[in-house]
1. Give the number of residues within the range 114-136 that are closer than 22 Å to D167 by Cβ and either in contact with a Cys (Cβ under 9 Å, 6 or more places away or on another chain) or not aliphatic (A, V, I, L, M) (or both).
2. Report every pair of residues separated by at least 6 positions or lying on different chains whose Cβ atoms are under 7 Å apart, first residue within the range 23-38 and within 15 Å of S62 (Cα to Cα), second open to solvent by 10 Å² or more (accessible area, probe 1.4 Å) and of a type in the set (F, W, Y).
3. Within the range 89-112, can you find the residues that are open to solvent by 30 Å² or more (accessible area, probe 1.4 Å), closer than 17 Å to V149 by Cβ and more than 18 Å from the chain's Cα centre (by Cα)?
4. Are there any pairs, at least 6 apart or on different chains, whose C-beta atoms fall under 6 Å, with the first in the range 79-97 and closer than 22 Å to Q160 by Cβ and the second among the hydroxyl-bearing types (S, T, Y), and if so, which?
5. From (1) among the hydrophobic types (A, V, I, L, M, F, W, C); (2) touching an Asp or Glu at 6+ places or on another chain (Cβ under 8 Å); (3) open to solvent by less than 40 Å² (accessible area, probe 1.4 Å), pick out the condition that doesn't hold for I128.
6. Taking only the range 65-85 into account, find how many residues are open to solvent by less than 40 Å² (accessible area, probe 1.4 Å) and over 25 Å from S102 (Cβ atoms).
7. Based on what the data block shows, is A59 among the aliphatic types (A, V, I, L, M), in contact with a helix residue (DSSP H, G or I) (Cβ under 8 Å, 6 or more places away or on another chain) and either open to solvent by 40 Å² or more (accessible area, probe 1.4 Å) or over 30 Å from I12 (Cβ atoms) (or both)?
8. Going by the structure shown, is E18 outside any helix (DSSP H, G or I), touching a Lys or Arg at 6+ places or on another chain (Cβ under 7 Å) and open to solvent by 40 Å² or more (accessible area, probe 1.4 Å)?
Amino acid sequence: MIRFVVGPDGTIVPDVEETLPGRGLWLTADPALVEKAVAKGLFAKAARRSVRTPADLGAQVSGLLRRRCLDLVGLARRGGQAVAGFEKVAAALRAKAIGTRSGIGLRLEASDGAADGRSKLDALSPGIPVVDIFDRGELGMALGRDDAVHAVVGAGPLVQRLRREADRLRALSKGR
């Protein structure tokens, strides 16, 4: 679900962090539903007032969710909960730990990465969810590198937030 609020100027604003003040207007993370809500004026009906809806609302939501996911990946790296690079990822998967922290919660794979490296890591990580919706440049920027194809994030509350945001982004991008 994606939360929207009516801004002070009467414009519909996506609230992907779910922290903005005001009554929330919720939509399922589906691009067709967002487009339908914009086309049929459903935000105004739900808000019970006249509102302005940006024409690129779906793109705004996708951009905000993408940024939020990558910010969480960067936070995991800065907190020592993420490693990148094939050899480091393979070592973490074998040890089932990142540094002194036990447990691997999520594997990140660049959408434009080669299939052979990914298949080798698949064999080392049965049951570990994989997020592959970012390209190598985006992953690299979030992980403080030029580019990154493979990364893992340790288990914990941060990875749960990252999985939730990635699932919402994947659902919203599904129809595009």
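1. Applying the first criterion (closer than 22 Å to D167 by Cβ) to the range 114-136 yields 118, 121-122, 125-136.
If we keep only those that are either in contact with a Cys (Cβ under 9 Å, 6 or more places away or on another chain) or not aliphatic (A, V, I, L, M) (or both) as well, we get 118, 122, 125-127, 129, 131-136.
Number of matching residues: 12.
2. Within 7 Å, no pair qualifies.
3. Hit for the range 89-112 is A91, nothing else.
4. Listed pairs, sorted by first residue: L93/S125.
5. Condition not satisfied by I128: (2).
6. 2
7. On the way: among the aliphatic types (A, V, I, L, M): yes; in contact with a helix residue (DSSP H, G or I) (Cβ under 8 Å, 6 or more places away or on another chain): no; either open to solvent by 40 Å² or more (accessible area, probe 1.4 Å) or over 30 Å from I12 (Cβ atoms) (or both): yes.
When the stated conditions are applied, A59 does not pass them.
8. On the way: outside any helix (DSSP H, G or I): yes; touching a Lys or Arg at 6+ places or on another chain (Cβ under 7 Å): yes; open to solvent by 40 Å² or more (accessible area, probe 1.4 Å): yes.
It is true that E18 is outside any helix (DSSP H, G or I), touching a Lys or Arg at 6+ places or on another chain (Cβ under 7 Å) and open to solvent by 40 Å² or more (accessible area, probe 1.4 Å).
The values are calculated or read from the model by the stated rules, or taken from the named source; none is laboratory data. Computed from a prediction, not measured in an experiment: that's the story for all the values here. Using ideal geometry, Cβ is built from the backbone for each residue, glycine included, and neighbour counts are taken over all protein chains shown. Side chains included, ligands, DNA and RNA excluded: accessible areas come from the protein's heavy atoms. Shrake-Rupley method; radii C 1.70, N 1.55, O 1.52, S 1.80 Å.
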